[in-house]
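**Q** Please read through the structure below; I'll follow up with questions.
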Amino acid sequence: MDADVAVIGVGTIGSMTMWRLAELGVEAIGFERFAPGHDRGAAGGNTRLFRLAYMEGAQYVPLLKQSLGLWRELSEQTATQLLVQCGGLSIGRPQDASMQQVAESASSYGLKLQILQQAEMAEKYPQHVLDEGELAYFDPEAGFLRSEQAVVTAAARAESLGARILRYHRVERVEPTRDGVVIEAEGSTWRVRTAILALGSWAPPLLPSPPAHSVSPKRVLLTWFAPKSVQDFEPEVFPVFTRQSGSDFLYGAPTADHASVKVCGLRPTDIDDPDRFERRHDPVELARMVELLRAHVSGLHPDPVRSAGFTDLYSSDGHGITGHHPQTPNIVLAGAYSGRGFKFAPAVGDAVARLAVGEAVPEIAFMRPERFATRGSHR
Ligand SMILES: Cc1cc2nc3c(=O)[nH]c(=O)nc-3n(C[C@H](O)[C@H](O)[C@H](O)COP(=O)(O)OP(=O)(O)OC[C@H]3O[C@@H](n4cnc5c(N)ncnc54)[C@H](O)[C@@H]3O)c2cc1C
């Protein structure tokens, strides 16, 4: 065997898995078709939102709490500030499903959550123009992650603990054998006991079917706007936010570069090929984004200073696919985090690492691949 475990795809989840495997003392080899920290996959665009009081479901809170500890641990180990905990606002009507989920996440797990009514919002966060009936929940543990830097840092930490990462090694074939898995990349062959597929949007050709038919790569657009006064958008005064106002959904983060402010609100769209998709906004998309900004946020020039498209793999139910391959237990699947996966990547990486060494990991049972079907073969 060339290693005990192979991690194929050293992006967001793969880099965290490499780090956790290295901490467990497992001999691991990573394959990345580019270099960790590239911006062609799901980690591009500088920042990702982190929230504990989670509108996507209370079942994520234990993973998010564990991730918070792991983000801090990785930051301390490497003397790098990966998470800026500036707090986070969830804005909307309290009767909206997303706001109810935030409140439920907080009450189920004893999270601190402050309710800010219109008058307090106008005084504290005048950048947000609230509609009638809207209020905000403030989650003091929320913030933003430095995304590409986090991937690079986790990969480097894994290497410093003895892991091997093969950059610019595109895996072409993953074949289960009687006692392990054979991997082919760049004209060479490797044999490992267990292979973890953490391929992001590139996963479908290497996934078993199902769940291959329950996932699709999507294009996700980000936009940044120039502040009229940058002091009004620094992390100390402008927390990360998500906002549901009628059918408009927006999210954003404070300035991470003292120059631009990320505010986004366009819905992800399906793409056929993550290597060939339009990374620029078209004029209609830009106009829609400006319209959203004008309606809901003040203090930013309504003309994006930067716009870019990235890609992530989405599952049909919006939850990740994480667990042993249904027919081939030597292969572990980790993907389809559906536009949500950065914040809990260290906890998922830790769970995947423990799965690979034979532990049971009940906290990610809701992401098991078998939920899509019972039949299928590896391809
Ligand atoms: C624009 C955008 C904004 C987002 N915002 C947030 C947010 O605010 N908060 C949040 O929590 N989540 C957010 N997400 C979601 C989150 O970023 C993703 O769910 C997560 O990064 C997915 O990680 P991944 O490891 O599955 O994919 P990736 O990070 O893309 O990693 C896959 C890796 O596999 C490599 N690879 C692919 N094929 C091969 C091969 N054949 N051989 C070798 N290597 C290969 C790729 O090069 C890549 O590095 C956002 C996503 C996008 C796109």
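The values are calculated or read from the model by the stated rules, or taken from the named source; none is laboratory data. Model, not experiment: these values are computed from the prediction. Note that we place each Cβ from the backbone using ideal geometry, even for glycine, and neighbour counts take in every protein chain shown.
**Q** Inside the range 119-143, can you point out the residues that are among the aromatic types (Phe, Trp, Tyr) and either modelled with pLDDT under 95 or touching a helix residue (DSSP H, G or I) at 6+ places or on another chain (Cβ under 7 Å) (or both)?
**A** The answer is 137, and nothing else.
**Q** Any chance you could count how many residues in the range 92-147 are surrounded by 19 or more Cβ atoms within 10 Å (Cβ to Cβ), within 16 Å of the ligand (Cβ to nearest atom) and under 21 Å from residue 264 (Cα atoms)?
**A** So the count comes out to 8.
**Q** If I ask for residues that are surrounded by fewer than 23 Cβ atoms within 10 Å (Cβ to Cβ) and either out of contact with any Lys or Arg (no Cβ under 9 Å at 6 or more places or on another chain) or polar (S, T, N, Q) (or both), which ones from the range 6-25 would you list?
**A** 25 - this is the single residue of the range 6-25 that is surrounded by fewer than 23 Cβ atoms within 10 Å (Cβ to Cβ) and either out of contact with any Lys or Arg (no Cβ under 9 Å at 6 or more places or on another chain) or polar (S, T, N, Q) (or both).
**Q** From 15, 75, grab the single residue that is in a helix (DSSP H, G or I), more than 9 Å from the ligand (Cβ to nearest atom) and hydroxyl-bearing (Ser, Thr, Tyr).
**A** Every option except 75 fails the conditions.
**Q** Considering the range 241-254 alone, what residues qualify as being surrounded by fewer than 21 Cβ atoms within 10 Å (Cβ to Cβ) and part of a loop (DSSP other than H, G, I, E, B)?
**A** 246, 247
**Q** Next question, about the same structure. I need the full set of residues from the range 188-203 which are within 16 Å of the ligand (Cβ to nearest atom) and in contact (Cβ under 8 Å) with a residue 60 or more places away in the chain, in order please.
**A** 190, 192, 195, 196, 197, 198, 199, 200, 201, 202, 203
**Q** Filter the range 193-240 down to the residues that are farther than 30 Å from residue 303 by Cα, touching a Ser or Thr at 6+ places or on another chain (Cβ under 8 Å) and assigned to a loop (DSSP other than H, G, I, E, B) and list them by number.
**A** Across the range 193-240, the qualifying residues are 198, 208, 211.
**Q** Being basic (Lys, Arg) and more than 13 Å from the ligand (Cβ to nearest atom) narrows it down to one of 306, 288, 279, 267, so name that one.
**A** Just a single option satisfies the conditions, and that option is 288.
**Q** Test residue 37 against the criterion of being in the same structural domain as residue 166 (by TED's automatic domain parsing), at positive phi and in contact (Cβ under 8 Å) with a residue 60 or more places away in the chain, and give yes or no.
**A** yes
**Q** Quick one: what pairs do we get from the range 115-134, first residue in a helix (DSSP H, G or I), second surrounded by 15 or more Cβ atoms within 10 Å (Cβ to Cβ) and not aliphatic (A, V, I, L, M), C-beta under 8 Å, 6+ apart or different chains?
**A** Matching pairs, first to second residue: 118/134; 121/128.
**Q** How many residues are surrounded by fewer than 20 Cβ atoms within 10 Å (Cβ to Cβ) and either within 14 Å of the ligand (Cβ to nearest atom) or of a type in the set (Phe, Trp, Tyr) (or both) if we restrict to the range 309-319?
**A** 1
**Q** Quick one: which of 93, 146 is closer than 25 Å to residue 39 by Cα and modelled with pLDDT of 95 or more?
**A** 146
**Q** While we're here: Looking at the range 336-362, which of its residues are assigned to a loop (DSSP other than H, G, I, E, B) and either away from the ligand (no atom under 16 Å from the Cβ) or closer than 15 Å to residue 73 by Cβ (or both)?
**A** 344, 357, 358, 359, 360, 361
**Q** I need every pair where a residue in the range 263-274 that is assigned by TED's automatic domain parsing to the domain that holds residue 301 has its Cβ under 8 Å from the Cβ of a residue that is assigned to a loop (DSSP other than H, G, I, E, B), sequence separation at least 6 or different chains.
**A** Pairs found: 266/281; 268/339; 271/277; 274/40; 274/41.
**Q** Can you tell me which condition residue 30 does not meet? The list is (1) within 14 Å of the ligand (Cβ to nearest atom); (2) more than 15 Å from the chain's Cα centre (by Cα); (3) under 28 Å from residue 249 (Cβ atoms); (4) of a type in the set (Gly, Ala, Ser), and all the others hold.
**A** Going through (1) within 14 Å of the ligand (Cβ to nearest atom); (2) more than 15 Å from the chain's Cα centre (by Cα); (3) under 28 Å from residue 249 (Cβ atoms); (4) of a type in the set (Gly, Ala, Ser) one by one, residue 30 breaks only (3).
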